[in-house]
Amino acid sequence: MKPSPFQINRRSFLTRCAATAAATGLPLWFTERELAQAAAPRRRTLSPNDRPAIALIGCGGMGRGDTGNAMRFADVVAVCDVDAGHARAAAKQFTVEGRTPDTYGDFRKLLERDDIHAVIQATPDHWHTLVNLAAVQAGKDVYGEKPLTLTIDEGRRLVRAVRERKAVLQTGSQQRSDRRFRLACELVRNGRLGRLEQVTVFLPAGLREGPFATAPVPEGLNWDFWLGQAPKVDYVPQRCHTTFRYWLDYSGGTMTDWGAHHNDIARWAIGAEGPVAVEGRALAEPIPGGYTAFSEYEVTFTYAGGVRHVVRTTRDDNIFGGVVKPDGQRNGLRFEGTGGWIWVNRGEIQASDEALLRTPLPDDAPRLEVSNDHMGNFFDCVRSRRDPVAHVEVGHRSASICHLGAIALRLGRPLRWDPTRETFTGEGAGEANAFVAREMRKPFDYDFLDRG
Ligand SMILES: NC(=O)c1ccc[n+]([C@@H]2O[C@H](COP(=O)([O-])OP(=O)(O)OC[C@H]3O[C@@H](n4cnc5c(N)ncnc54)[C@H](O)[C@@H]3O)[C@@H](O)[C@H]2O)c1
């Protein structure tokens, strides 16, 4: 099989370039470009009836849900997990007519296969970027779970790589393919509420528990690989599967978990790349030795035009809808303008006056991109090579808002943000900018992708 570019590790690649330059007398930049081009993976063009081969990386609850959904469009040929039990269970689940997907413990090995067209990426947040980068460098398209990144710096790197490689990347923020959220955003953008003054996002409160005891690493789990770039610690069951999202080492609490959905919708309606100011207040302190992300909090973002975007946690755990109180105290979003309000969540859309929803927008009103099937939109774009509805910049910018909120909560002071330069400015900027990137534990840093 032809080696993929990250199989040729960077050091040996540079040695080969230097040797070619020396032997031919040609400039180094020229030989580097030529060799890089020769090694670049070729992406096979799909015809409308092709069923691409796909792989799942991260075989937990969401990865298996996403992959089941993707099987409407594609064939699963490989699965990968650092927990062998999860990989085995996924391989069994995705066996079709006696064809069982191959299992892997190291995504770099899986990505060496050139029969795989796209990957579903559903690892915990601290692995998202390295896996996504490796996939696009290997010429794959990616359906990558939200929040797209662990840090703002990761997002900038991923945007660059996706654009350079012309990959198709859909962020798994499926509310972008939900009619109710699109209607709310379209109405707000078209001034149906008059001047938009405030968007309030209600997120479920996170878990506040602990302290937790260490335990022996379960058989089949590669704990060091699972930890990846995060600090090395003894195994604690609550740090691992599913509840990793309540630890700042691996995620950002509900601010980046549910927040990746609702803050994305808030930003879609506001139509801005990001806020210019943020401040946060924790309403409950974590328990020492327990989950480290704040469970209850309030964060306020301010945008250049003066719109406020307030994020509040709610203890109402009926997170998928149900009976919605008009005062909007459930998980969801409330848009308030000079001419009324709209409340929307995954189950319902309501307004201060029904006519705000019922009156059609004019034919020439600016409309938002239509997608009513998030996974279907991804596979359409895999064929057409167009940008999906939650493309890489969408995922990066919406994750950035969540990261800004988490940073403001950690620092507990007002901060100013420049969304164009993607940097904090003014008082406290030095301390805040230190959170824009994180130190990655070796060997699980960016060089890890060259060491395959
Ligand atoms: N779009 C949505 O509505 C939605 C809902 C739930 C979860 N998610 C997202 O999906 C992701 C996974 O969440 P989950 O609840 O399924 O978590 P999970 O803990 O159940 O699954 C994660 C899996 O990834 C595996 N893993 C860890 N590191 C890996 C690596 N380096 N290579 C391969 N596998 C690795 C774990 O062993 C585990 O099996 C999270 O980022 C989460 O935010 C999205």
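The values are calculated or read from the model by the stated rules, or taken from the named source; none is laboratory data. Predicted, not measured: the structure shown is a model, and the values here were computed from it. Here the Cβ positions follow ideal geometry from the backbone for every residue, glycine too, while neighbour counts run over all protein chains shown. Each accessible area value is taken on the protein alone, full model and side chains, heavy atoms only, with ligands, DNA and RNA left out. Shrake-Rupley method; radii C 1.70, N 1.55, O 1.52, S 1.80 Å.
Per this entry, P414 is counted among residues that are touching a residue at least 24 places away in the same chain (Cβ under 8 Å) and open to solvent by 20 Å² or more (accessible area, probe 1.4 Å). Against the condition over 22 Å from D450 (Cβ atoms) and open to solvent by less than 10 Å² (accessible area, probe 1.4 Å), how does A122 come out, does it pass? No, not satisfied. Beta carbons closer than 7 Å, at least 6 apart along the sequence or on distinct chains, pair a first residue in the range 271-299 that is farther than 30 Å from R176 by Cβ and in the same structural domain as L187 (by TED's automatic domain parsing) with a second that is open to solvent by less than 20 Å² (accessible area, probe 1.4 Å) and part of a loop (DSSP other than H, G, I, E, B) for A284/S295. Looking only at the range 70-85, residues that are touching a residue at least 40 places away in the same chain (Cβ under 8 Å) and in contact with a strand residue (DSSP E or B) (Cβ under 9 Å, 6 or more places away or on another chain) come to 7 in all. Taking the conditions exactly as written (closer than 18 Å to S173 by Cβ and away from the ligand (no atom under 14 Å from the Cβ)), does A118 satisfy them or not? Against the criterion (closer than 18 Å to S173 by Cβ and away from the ligand (no atom under 14 Å from the Cβ)), A118 qualifies. Taking the conditions (1) assigned to a helix (DSSP H, G or I); (2) loosely packed, with under 15 Cβ neighbours inside 10 Å in turn, P366 satisfies each one other than (1). Restricting the range 335-348 to residues that are open to solvent by 10 Å² or more (accessible area, probe 1.4 Å) and modelled with pLDDT of 95 or more leaves a set whose member that is nearest to the chain's Cα centre (by Cα) is E336. Identification of strands (runs of 3 or more DSSP E) wholly contained in the range 232-324 with 2 or more residues that are modelled with pLDDT under 95 yields 308-314. The lone criterion from (1) surrounded by fewer than 17 Cβ atoms within 10 Å (Cβ to Cβ); (2) not assigned by TED's automatic domain parsing to the domain that holds A205 left unmet by A429 is number (2). In the range 389-407 there is no residue that is free of Cβ contacts under 8 Å to residues at least 40 places away in the same chain, part of a helix (DSSP H, G or I) and open to solvent by 20 Å² or more (accessible area, probe 1.4 Å). Within the group R438, R383, R413, which residue is part of a loop (DSSP other than H, G, I, E, B), of a type in the set (D, E, K, R) and over 20 Å from the mean Cα position of the chain (by Cα)? Only one candidate passes the filter, namely R413.
Considering only the range 232-261, state which residues are near the ligand (Cβ under 8 Å from one of its atoms), touching a His at 6+ places or on another chain (Cβ under 9 Å) and open to solvent by 30 Å² or more (accessible area, probe 1.4 Å). H241, the sole residue that qualifies.
If you check R386, R358 for being open to solvent by 60 Å² or more (accessible area, probe 1.4 Å) and under 20 Å from H117 (Cα atoms), only one passes: R386. Of all residues in the range 271-314, those satisfying the criterion of being in contact with a Phe, Trp or Tyr (Cβ under 8 Å, 6 or more places away or on another chain), surrounded by 23 or more Cβ atoms within 10 Å (Cβ to Cβ) and aliphatic (A, V, I, L, M) are V278, A293, V311. When A399 is tested against the conditions (1) assigned by TED's automatic domain parsing to the domain that holds V201; (2) out of contact with any Pro (no Cβ under 6 Å at 6 or more places or on another chain); (3) closer than 20 Å to G253 by Cα, the lone failure is (2). Of the helices (runs of 4 or more DSSP H) lying entirely inside the range 133-229, those containing at least 3 residues that are assigned by TED's automatic domain parsing to the domain that holds H262 and more than 11 Å from the ligand (Cβ to nearest atom) are 179-189.
Looking at H128, H86, just one residue is within 8 Å of the ligand (Cβ to nearest atom), surrounded by fewer than 24 Cβ atoms within 10 Å (Cβ to Cβ) and part of a helix (DSSP H, G or I), and that residue is H86. Those residues that are more than 9 Å from the ligand (Cβ to nearest atom) and not in a strand (DSSP E or B), I need them from the range 63-83; list them, please. Within the range 63-83, T67, G68, N69, A70, M71, R72, F73, A74 qualify.
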